[in-house]
Structure formats: C-alpha cells, structure tokens
Amino acid sequence: MSSIHESLKEVFGFQEFKPGQQQVIETLIAGNSAASIFPTGAGKSLCYQLPALHEQGMTLVISPLLSLMKDQIDFLKSKNITAAKLDSGMSAEDYRSTLEAARAGQLKILLIAVERFKNERFRTQLQQMNVSLLVVDEAHCISEWGHNFRPDYLKIPIFAEEFHIEKVLLLTATATSMVIADMCAKFNIHEKNVVQTGFYRENLFLRIQPITEQKKDSELQNILAGKPHGSAVVYVTQQKTAERVAMMLKENGMPAEAYHAGMDNSRRDQIQNQFMAGKTAIVVATIAFGMGIDKKDLRKVIHYDLPKSIENYSQEIGRAGRDDKPSLCCLLGNKNGVPVLENFVYGDTPSYSNISHVLNCIDQNQGNTFEVHPYRLSRESDVRLLPLKTLLVYLEMAKIISPKYTYFESYAFLYLTTPEAIISNFNNERKHFVKTILAHSKTAKKWTTVDIDHIVEETGSDRQRVLTALEYFHEKGWITLQPKSAVEVFEILAPEFDINSVARELADLFAQKEQKEVARIHSMIQMFETDQCLAKSLSAYFGENLKNDCKRCSVCINHKPVLLPESNPPSLDNLSFSNLTQPLARAAASPLTVSQVTRFLCGISTPRLVQYKAKQMPGFKLLQSSPYKSVEKWVRRHMEKQ
C-alpha cells in the first residue's frame, strides 16, 4: 500500500491521511465496495479521488450538487488529474469533447447527476466507457429514512448492475444508523466495509441566539463585524430573503452577495469564484440550494432562518473551519419560520384524488406499456414533479410497473455542414443508411427534425442505430444535436390492480412521509431548545456519544436552555374567505378542492395553480405565516358551507 502514501504526498500534497480515509481507500483498492460516513469537511472526496489514480478504468461520480462542483473539478485539474462533469449548462462542443474523452479512457473522474442515467444519448455512450468505480455522493438520498430522499437515487443499484459496475463507494456526512443500514443493504456493502469517523469537531463554536424577526438585521451585522474575522456564509430559506439581506449588508458597508438557484449559472460561478478567492467576504445563500463549496477558511456560518432539519443544520455548519481553526456557527432563532418549512413538506404530499388520476392513466393504457410525459402528467394530475417521481417509484416497488427505458420524443439538429458533405464520408450500405436519415429529416428555418419512426421502417434498422449515427454526426462536428421531450416508458406488471385500494395505500404512505418530515422539523426545534450541551446532542443524533460537554456552546456557556420566541399568527376569523378565493375560483376550470385552496393561501405552488396564474392573485401566500393545518381547517369549514 506504499503507492497510496506516495500518491497522497506527491499528487495531493498531503503528509498524512485524515481519520478513516486510509481504511476506505485500502478497501476499494482491494476490490471491495465501501461506505464512508464522515462529517462535512472531513475529507470524503479524497476517498475516491486517490483510488481513481490506481483504477484501470474511470471513476463515475453521482452527485446532487453537480452544478456546484466547479471548485472540485478545478482542484483535480490543479493536481493534473483528468476530471470533468456533464451538466445541462455545457456547450455542445464541451459536452461532445467530454464524452469523447470518457470513451477514449482519457478521463480518470467524471461527475454526473443521477438523472443523466435516464438520458438516452448518455446511456448509449456509457456502454462504451470502462467504469471501474461508481461513487454515490450524498448517499443518504438513497434512503427514504434520510432527510432529502430523491426517488431517482433508488434506481442507482439497478444502473450499477445494468452497466456492469461492480465496485461502489457511498459517501455522506449526515446519516443516522437507520439510514446507513438502509443504503448499504441496497448495494450489499458489508458492515466491516462501512467506515464511520467521529462526528464532533471541537473547533466549531455552536451558538443559538433567540431573537425576534425585527432585530435580526442588526444582530446579523454585529455578528459579522465580530470575531473570528474572515469569510462568512449566511443561510436563508427563500431567494427573495437572500437578495434583501445581501442588499441590506451592502448598504451598511459589508461586502455581501446573494447566491441562489434563481440566478443564472454564469453569475453564480462568478460569485463563487470571488468568494473562493477572498474577493467577496460574505455570501447570503438559500438553505435549499446549499453551497457545495470547499473553502478551508470559512470563519462563520450564520443561520438567518431556520434550517430544514438537523441533518441540514449539521451539513451547513460543517462547512465552517475546515482548516481546524476556531469558527463560529450561530443560529438567529425564532419559531416564525416553522410554517414556511412545514409548507415545503405539505406541498409535496399528493392527495388520494391526485394519486387516483395517475393510476387511472395506467389502467386506461392500451397494451402492456405506460408512457410518462413528466410535465404533462404533473400538470394533469396536479402533482409536483418530485412527488410524481416518488409516486412512480412507489408503484415500481409495489410491482405494478417496471421502468424499461427513457427516450426523447423527438430529435432535432442544426446543420454545421451540408447534407452532401456528410453523405460523402460513407460508402455502400452505410451511405444509403445516412442518405435515408437525412432524407427523413425536415428543416424548418434553422432546426431540422428527425423522423426516427420512418427511418426505422424504411431501413429495417433499430432505433439505437439511428441514434448512434446522429451521435456520430454530432461528434464529428457536422451537426449540433438536441433531444426534446423526454418520455419515460414503463412496463405494466399488474394490469388488474385495484385502483381504489392502491390509491388508498399510497395516500397513506405519503401521509406517513409527511408526518415524519414535519416531526423532523420539530425535533430540530427541540434540539435547539435543549438544556444539554448542543455539541453532545448533535453528535448523539448521529450515533456518537461524547463523554464530556463541549464547554463552548451557548447552552454550556449560559447554563440554561434556549427558548426561541414565537409570534402569534394573525387571526383567520376576521378574514373574508370569499374575497380571498374568488379570483382563484373564477380562473379554475373545475371546482376547487380544500387542498388547492389551502395551498393557494399558504403560498404553495402546484402545477394546477401555475396554470391558473395564481401567483399573480392578491390572496396567494397571504396566510403563509399561519400553520398549514389551521388554514386547512378554516378552508374546509368555509367550503362545507358553500
């Protein structure tokens, strides 16, 4: 194993491994799969970066933070490690050259989002790549017990088997014992190959500062101006808050920039680069979007708003003090933001009627396949895209449907040379095949649409050969290829299933998930209001039992629990139900449900509400500071009178 120590020093410039790293790396190099459960900032990335140099093939990394991985790619390139990522923001030329390098074995590491596996073009290319290690970053997303379960992650074990990838590394910082057992079972990772290091970091000073909403801005400025001096991240819940707080700080002479998913990629990259280079001292970022950065000297992480869960909190404060120097993690706390966090959960819970609509679409299908146009089905069933994906995964797990493949409804391209020039590169049967493809590709103004069905019918070739030819034209720079309208194809395994009973079971399942997520929020509040050492409570949540109190958190210093202030929401009794909901009722194509009206008033957007242009109506999110269940009860009472 001397070679891994040589790589550590000569390539990465580190003198020794951090706790747990060597064990994970040796496990992988020995040919076994592994799981690395390290706290944020404890060096999970090296666990695949270093072994990648010793693998014969390429290391494929799946990450939900792909758009934020620029600094990691830059780091690898600075060490002369060939690495790249595939994302939707790439130019056609960059996408083509990256795939060429991956197929030719010129890349050691390729980062992708899990959704890339559903891309017909990528799947075609992946068959030609030699992947020796699959890395799943933020692996807790695989587990429904985790805090940000992503349904597409459940399919990763299937993808690994399909593409004959035998070795897997799971990485996460925020997994309880239940989540670890669940995600390792899905990949058959032996318990002895699960490496879990201590969660506690003594250089982080945890503070819970109870404060009213009105005093937050001034207190934030005081904290930013105080010690320890250096760069800071301020976490907020909503994009508009990020913009407002950043502007407020600027107006008070503090160099701050907002950073959130609503900004274009180039602006986000610019801010991240400035922050990493120390040119921007303060970034105000949305909690949901996160930062995905690896800045060693981050001195302060401040939660202006409540985080979404204990896991999110630990992940976000874990970005502070990666250089092991003292760093402040301060939460400006009150309970006013709890309804907003709960609304995120309630907005992702489909009703019995929503679920029944999807099941009826399956039942009414002719034949044994079910084609899903995601945006169309989301709009028609009034289920947001993420819970719709979750619903389809639940149906897979119930053996009612099984995914077959995803294809694009249509392909279009731009000619970068003439059709005659393309045809001239081929002879005999291939020339005739290419002629047929171009003959059945109709140009309208700039873009040329490919009629794949007619090409298949006329040539007798399969769809895959047509796509391979188009990809080849694209790689050669003869065309710019653009797929359109992804369609997911499922096989119907149980055509005789009972719609009512399955809908009820799934509605109950989503309701349980909803209760669990809401309870997660309140567990977090309880921890913030604990009378025990914060570091001790946080570590215990992730399975580490500290013998002694930290002596430096707000509970240890003040010797008493924190009580977060709470404002009473406005009374609903004095509001006019009809005035608030009349514009929505007029816009609706069918009678409104209690769920739709409640979501409208709480500011939770749904596909149907988008269709009704509800956001422009004065009643939208008027009651977002009120508990969802209170609003729902009030709405039901009024609708039953009508």
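Read-outs: derived from the displayed coordinates by stated rules, not from any lab. Note that the structure is a prediction, hence the values are computed from the model and not measured. Neighbour counts run over all protein chains shown; Cβ positions are idealised from the backbone, glycine included.
The table that follows gives values for the structure above.
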item: Unsatisfied cross-links (Cα-Cα over 32 Å) in the set 118/279; 44/399; 44/404; 70/167; result: 118/279; 44/399; 44/404
item: Two-site FRET efficiency, residue 273 against residue 459, from Cβ-Cβ distance with R₀ of 56 Å, rounded to 0.05; result: 0.70
item: Net lengthening on full extension, residue 545/residue 386 (0.36 nm per residue, minus Cα-Cα); result: 53.7 nm
item: Simple Cβ-charge dipole of the stretch 204-336, Lys/Arg +1 and Asp/Glu -1, about Cα centre, in debye nearest 20; result: 200
item: Peptides ranked, highest mean first, by Cβ atoms within 10 Å: ranges 522-529, 169-176, 456-463; result: 169-176, 522-529, 456-463
item: Under-5 Å amide H pairs with residue 284, H placed in peptide plane, nonlocal only; result: 234, 257, 258, 259
item: Neighbour-count order for 520, 504, fewest beta carbons within 10 angstrom listed first; result: 504, 520
item: Candidate lysines for bridging to residue 445, where Cα separation is under 25 Å - those fewer than 8 sequence places away on the same chain excluded; result: 435, 476, 484
item: Student exercise, the stretch 2-196 dipole from Lys, Arg, Asp, Glu Cβ charges, in Debye to nearest 20; result: 140
item: Highest to lowest packing among 339-347, 369-377, scored as the average C-beta count within 10 Å; result: 339-347, 369-377
item: Relative contact order computed over the chain (Cα-Cα under 8 Å; 6+ residues apart), in percent; result: 13
item: Peptide ranges 624-632, 421-429 listed from the most packed, as the mean C-beta count within 10 angstrom indicates; result: 624-632, 421-429
item: Shape call, the stretch 195-268: gyration tensor on alpha carbons, a/c limit 1.5; result: oblate
item: Dipole of the chain [Lys/Arg +1, Asp/Glu -1 at C-beta], most positive-end residue of 356, 73, 388; result: 73
item: Fully extended contour minus Cα-Cα distance, from residue 247 to residue 217, at 0.36 nm per residue; result: 9.7 nm
item: Expected-Rg normalisation [2.2 N^0.38 Å, Cα atoms] applied to the stretch 407-490; result: 1.04
item: Electrostatic dipole magnitude of the stretch 441-565 [Cβ: Lys, Arg +1; Asp, Glu -1; Cα centre; debye, to 20]; result: 1000
item: Neighbour-count ranking [beta-carbon atoms within 10 angstrom, fewest first] of 533, 556, 184; result: 556, 533, 184
item: Dipole of the chain, positive end: most advanced residue of 460, 507, 539 [Cβ charges, Cα centre]; result: 539
item: Rounded FRET efficiency, nearest 0.05, which uses the C-beta distance separating residue 616 from residue 297 and R0 of 56 Å; result: 0.80
item: Ranked list, fewest to most other Cβ atoms within 10 Å of each Cβ, for 465, 599; result: 465, 599
item: As computed over the stretch 58-119, the Cα convex hull volume per residue (Å³); result: 82
item: Qualifying lysines (Cα of each under 25 Å from Cα of residue 621; at least 8 residues distant if same chain); result: 215, 216, 240, 308, 335, 513, 516, 613, 629, 633, 641
item: Separation of alpha-carbon centers, the stretch 344-398 and the stretch 239-260, rounded to whole Å; result: 39
item: Förster radius 41 Å - calculated FRET efficiency between residue 369 and residue 629 (Cβ-Cβ, nearest 0.05); result: 0.50
item: Three-way shape label, the stretch 1-153, alpha-carbon gyration tensor, a/c 1.5; result: oblate
item: Histogram of C-alpha separations across the chain, 20 Å bin width, %; result: 16, 48, 32, 4, 0
item: Positive-pole candidate from 29, 43, 90, dipole of the stretch 2-196, charges at beta carbon; result: 90
